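J.: Let me begin by handing over the structure; questions about it come next.
The values are calculated or read from the model by the stated rules, or taken from the named source; none is laboratory data. These numbers were taken from a predicted model, which means no experiment stands behind them. All Cβ positions, glycine included, derive from the backbone under ideal geometry; neighbour counts span all protein chains shown.
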Amino acid sequence: MSDFVSVASDGDVAVVTIDNPPVNAMSFHVREPLHQALAALRDDPSVAAIVIACAGRTFVAGADITEFGKPVQQPELRAVIAVLEAIAKPTVAAIHGTALGGGLELALGCHFRVADSKAKLGLPEVKLGLLPGGGGTARLPRLVGAEKALGMIVSGAPIGAAEALEAGLVDAMFDGDLLAQTVRFASELVVKGGPFLPVRNRNDRLGKADLAAFDRQAAELAKKARGLEAPIACAVAVRNAVTLPFDETLAAERELFLNLVAGDQSRAQRHLFFAEREAAKGPAKDLSRRKIARVGVIGAGTMGGGIAMAFANGGFPVTLLETSEEALQRGLATIDKNYAVSVARGSLAEDAKRERLGLFKGSTDYADLADCDLIVEAVFEEMAVKQEVFGRLDAVAKPGAILATNTSYLDVNAIAASTSRAQDVVGLHFFSPANVMKLLEIVRAERTAPDALATVVELARGIGKVPVVVGVCHGFVGNRMLAARGAESEALLLEGATPSQVDRVFTEFGWPMGPFQMGDLAGLDIGWRNRKARGLTAVIADALCEQGRFGQKTGSGFYRYENGSRTPVPDAEVEALIRAKAAEKGTTPRAIGADEIIERTLYPLVNEGAKILEEGIAARASDIDVVWVNGYGFPVGKGGPMFWAGLEGAGKIVERLEYWHQHTDRPIFQPATLLRRFAETGSWEAAARP
């Protein structure tokens, strides 16, 4: 019927095939011919059953989100599903790969669903700040029950075919030739005869719903939402499926969907979706890639062990190097313990744990790195130490091996200069815990070869990381901006704020924790060492460190942590220390409001991001947003600092930065030229044009 939808006959079973690479998205050019095909097959007396299948590597993996927020082209997905659902002949969705979002909603319009054993099914719209808009919240609870549907829709996490079969979402699971077995399944339905009940008319599971239990589950999910609107709307929509007639449930779902799609949070989350895809593209596709078969990691401490686990989790054999057998065994024991925790939680099978541990080879001899294609150092954050490591690698690594540094701040060009192969050197800045955190800042040095860069970008995606390529400067993108955000933290304390007040403003903004709680979690001694190496001071933080208060690991920092607890407790001794330091400086404490805290911490964050763009350290404003959301906890619903600047008003940010610069004469408040241009143009892209 079209280039995107075709119809073929297998006996009296019609097979409708969607072919819209790469993921068979339900774009208008798919919906229109699909709608026509279904209407024709509905009225064709020679057709006894209909199978909906997809070409390529997946079933329909979702709607075309580039259409969101634009005038709707008819037929929309709901109209296609309405035609499908009204067909009296048995209809069957043949699911392989992934059936996500609008794809699963299309399948829910069929009488039956069958799946390949490796298929995944889910409704991930919440991750875009939305809820399912094609009847998913009305139909899914009718198959799997309200509580199961609530968990699936609010988490957005897909489930496997076996779980879907057990839950009642699919009716059969097959291995082998899915289409042939689905046609056979449909033919058997014809022989058995109808009537065939559409999902909309199946109310048995809803009648068994325990609304009190549902509401408790929804309340728990609301706590975890941290200000995000979509999870709350999802819970409301699923509850409607239990309490309202079907058509009213659909109408309420549509109203909730339209409200979300027009809101700032969904705009922010859709921005991040495209930003991550753009950042992950990396260098040109036509570049060759180096083969990575074995990875070496130098350092079996917290970072090195986590990095090694990240590669093992991705299926790579890892040589883990330490300076002594004792340190090596300690690191390997920690890795074993971390995997054991995952097994205990049920997130990793015991055989998978054994398989991953079998990928590790421990060593104390640099010569054992000779067969590695990528070597990542994760040693102490001092230039001399790292240069010594790279000098030794220069002597043992094979030609073409990529040599990577996990430095958080240091000059990758200077590290590369300690080798005779600067073209093979790149920064791979993992975030702790490296086996969990998704962000990977990939630092492009002056002489990094394009194929080396392309290789590590592709590799990062392969081990489940979100890669962002950045240039060389102190702290790169994330930590450089973090320094700007934190520059006023002590000044705010000395002028009258408390650590708990500042942290509360941050959590109310949407951060998972505030800067002082984060410092305690990371360890205050890390920043202390860094400051001393650079000849810098921080009056309050330095004083705390001098007292041995390094944060959670010592039971005290900016807060107290009682009896091994991770819960911060405000400490009168810290507040007394702050007041004493303020008195030494002749500063009189005053009341400081939430607006001032935001202006003096987050506005400089945006301003530093603008400077980073000016200098070409980041290629796009959206790359900075990806860094901050995935690596530092910037609220997802605000889209990252550069996107949020547009919501907040760049003109307002410039005005207030000028005010604070005039009153403090601190460089962090001097508005960047690019920020001023953004205020004028309303677009970071337009502001960056010559």
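J.: Of the conditions (1) closer than 25 Å to residue 508 by Cβ; (2) of a type outside the set (Gly, Ala, Ser); (3) buried (at least 20 other Cβ atoms within 10 Å of the Cβ), residue 612 fails just one. Which one is it?
T.: Single failed check for residue 612: (1).
J.: Sticking with this structure for a sec: Take residue 300 and tell me if it is in the same structural domain as residue 353 (by TED's automatic domain parsing), aliphatic (A, V, I, L, M), part of a loop (DSSP other than H, G, I, E, B) and surrounded by 13 or more Cβ atoms within 10 Å (Cβ to Cβ).
T.: Considered against the rule, which asks whether it is in the same structural domain as residue 353 (by TED's automatic domain parsing), aliphatic (A, V, I, L, M), part of a loop (DSSP other than H, G, I, E, B) and surrounded by 13 or more Cβ atoms within 10 Å (Cβ to Cβ), residue 300 comes out as yes.
J.: Being in the same structural domain as residue 56 (by TED's automatic domain parsing), in contact with a Leu (Cβ under 6 Å, 6 or more places away or on another chain), assigned to a helix (DSSP H, G or I) and not basic (Lys, Arg) narrows it down to one residue among 84, 121; which is it?
T.: When all the criteria are applied, what remains is 84.
J.: Can you name the condition, by its number, that residue 178 falls short on among (1) of a type in the set (A, V, I, L, M, F, W, C); (2) more than 15 Å from residue 238 (Cα to Cα); (3) touching a residue at least 12 places away in the same chain (Cβ under 8 Å); (4) exposed (fewer than 13 other Cβ atoms within 10 Å of the Cβ)?
T.: Going through (1) of a type in the set (A, V, I, L, M, F, W, C); (2) more than 15 Å from residue 238 (Cα to Cα); (3) touching a residue at least 12 places away in the same chain (Cβ under 8 Å); (4) exposed (fewer than 13 other Cβ atoms within 10 Å of the Cβ) one by one, residue 178 breaks only (4).
J.: Residues that are among the polar types (S, T, N, Q), at least 1 per element: which helices (runs of 4 or more DSSP H) completely within the stretch 525-641 meet that?
T.: Fully inside the stretch 525-641 and qualifying: 594-614, 621-632.
J.: Let me ask something else. Looking for something at positive phi, over 28 Å from the mean Cα position of the chain (by Cα) and in the same structural domain as residue 441 (by TED's automatic domain parsing) - is there at least one such residue anywhere in the stretch 358-375?
T.: no
J.: Next question. Could you check the stretch 388-418 and list, in sequence order, the residues that are over 22 Å from residue 460 (Cβ atoms) and among the β-branched types (Val, Ile, Thr)?
T.: 396
J.: Next question. If I ask for residues that are buried (at least 24 other Cβ atoms within 10 Å of the Cβ) and without any contact (Cβ under 8 Å) to a residue 40 or more places away in the chain, which ones from the stretch 629-649 would you list?
T.: Passing the criteria: only 645.
J.: Quick check on this structure: which one of 69, 56 is in the same structural domain as residue 187 (by TED's automatic domain parsing), of a type in the set (Gly, Ala, Ser) and free of Cβ contacts under 8 Å to residues at least 60 places away in the same chain?
T.: Answer to the selection: 56.
J.: Mind checking which residues of the stretch 31-65 are polar (S, T, N, Q) and either assigned to a loop (DSSP other than H, G, I, E, B) or within 14 Å of residue 90 (Cα to Cα) (or both)?
T.: 46, 58 - these are the residues of the stretch 31-65 that are polar (S, T, N, Q) and either assigned to a loop (DSSP other than H, G, I, E, B) or within 14 Å of residue 90 (Cα to Cα) (or both).
J.: Read through the list (1) more than 20 Å from residue 381 (Cβ to Cβ); (2) in contact (Cβ under 8 Å) with a residue 12 or more places away in the chain, then give the number of the only condition that residue 474 fails.
T.: (1)
J.: Which residues, taken from the stretch 315-331, are surrounded by 19 or more Cβ atoms within 10 Å (Cβ to Cβ) and either of a type in the set (Gly, Ala, Ser) or touching an Asp or Glu at 6+ places or on another chain (Cβ under 8 Å) (or both)?
T.: 319, 321, 331
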